[in-house]
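Everything on this sheet refers to the single structure shown next.
Quick note: the coordinates plus some simple rules give every number you see, no bench work behind them. Nothing here was measured: the structure is a model prediction, and the numbers come from that model. Here Cβ is always computed from backbone atoms with ideal geometry, including for glycine, and neighbour counts include all displayed protein chains.
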Amino acid sequence: EPEVTQTPSHQVTQMGQEVILRCVPISNHLYFYWYRQILGQKVEFLVSFYNNEISEKSEIFDDQFSVERPDGSNFTLKIRSTKLEDSAMYFCASSVRRVGTEAFFGQGTRLTVV
Amino acid sequence: DAKTTQPTSMDCAEGRAANLPCNHSTISGNEYVYWYRQIHSQGPQYIIHGLKNNETNEMASLIITEDRKSSTLILPHATLRDTAVYYCIGTNAYSGAGSYQLTFGKGTKLSVIP
């Protein structure tokens, strides 16, 4: 069964450092997403990406965040200067269509900012 | 997107059917009802979705009331591996171009008991 792959599974970084979280979406999918989940809280939408541009983003996705699809297979989330409150599980997802279809989620990257 | 209301937690005996209710009284005519689950902080997993008609797949059945104000997810023969948080999500089928934002609530924590 096809799956979304995320690396690394766990990343520890110092406050103020840049981190890049990587995702390989399912190959024939066209829509890509990042969500995050702070420990014990809800899963929150960050951003959606289609046709090589951001299609929608939440208030959480401020100037410290950026996304990129550098090579047609990878999909990355960059946090420029991490803060303690960025510590969370970050989930990548992809889907074939915008609606009326399922989104496949990766297993997540646990980001710990110290 | 429609606001959904789910019980905080439920128990189900192993082998029995698990019936998870969801109220979405503000759902509009073009909003789908999606169900996802999250097993122990793993990435959310799609279960099923519907618009008006009842749906069934290999995992579950979705029963949507005629007025579409509520729905029930049915796991016909619950196993211990079905222990998870189940999310009922209403999503506007036409919310923006190229977007597919899922708004996760707190969901229902289903515990399947041996």
Inset, instruction - Return the percentage of antiparallel bridges among DSSP beta bridges fully within the protein assembly as shown, rounded to the nearest 5 %. - result: 90 percent
Legend entry - 5 angstrom amide H check on B:TYR32, placed H, neighbours 5+ away: B:THR91, B:ALA93
Legend entry - Residues A:THR76 and A:MET15, FRET efficiency given R0 of 25 Å [Cβ-Cβ distance, rounded to 0.05]: 0.75
Inset, instruction - Within chain A, what's the longest run with no trypsin sites (Lys or Arg not before Pro) in a DSSP loop and at most 16 other beta-carbon atoms within 10 Å? Give the range, please. - result: A:1-41
Legend entry - DSSP-assigned coil residues among GluC sites (Glu not before Pro) in the range B:14-114, each with at most 15 further Cβ atoms within 10 Å: B:GLU14, B:GLU58, B:GLU66
Legend entry - Values of log10 I(q)/I(0), in the order q = 0.10, 0.15, 0.17 Å⁻¹, for the protein assembly as shown under a Debye, Cα-only, solvent-free model: -0.46, -1.00, -1.23
Inset, instruction - Could you run the Debye sum over the Cα atoms of chain A, one equal point scatterer each and no solvent, and tell me log10 of I(q)/I(0) at q = 0.11, 0.15, 0.18 Å⁻¹, two decimals? - result: -0.31, -0.59, -0.86
Inset, instruction - Give the cross-link partners of B:LYS3 among the lysines, using a straight C-alpha distance below 20 Å as the criterion and excluding same-chain residues fewer than 8 apart. - result: A:LYS42, A:LYS57, B:LYS52, B:LYS69, B:LYS106, B:LYS109
Legend entry - Average projected area [Cα convex hull, the range B:46-89], square nanometres: 3.3 nm²
Inset, instruction - Would you grab the residues whose amide H sits under 5 Å from the one on A:MET15? Only those 5+ places off in sequence or on another chain, please, with H modelled 1.01 Å from N. - result: A:VAL114
Legend entry - Of all DSSP beta bridges in the range A:1-78, antiparallel share, percent nearest 5: 100 percent
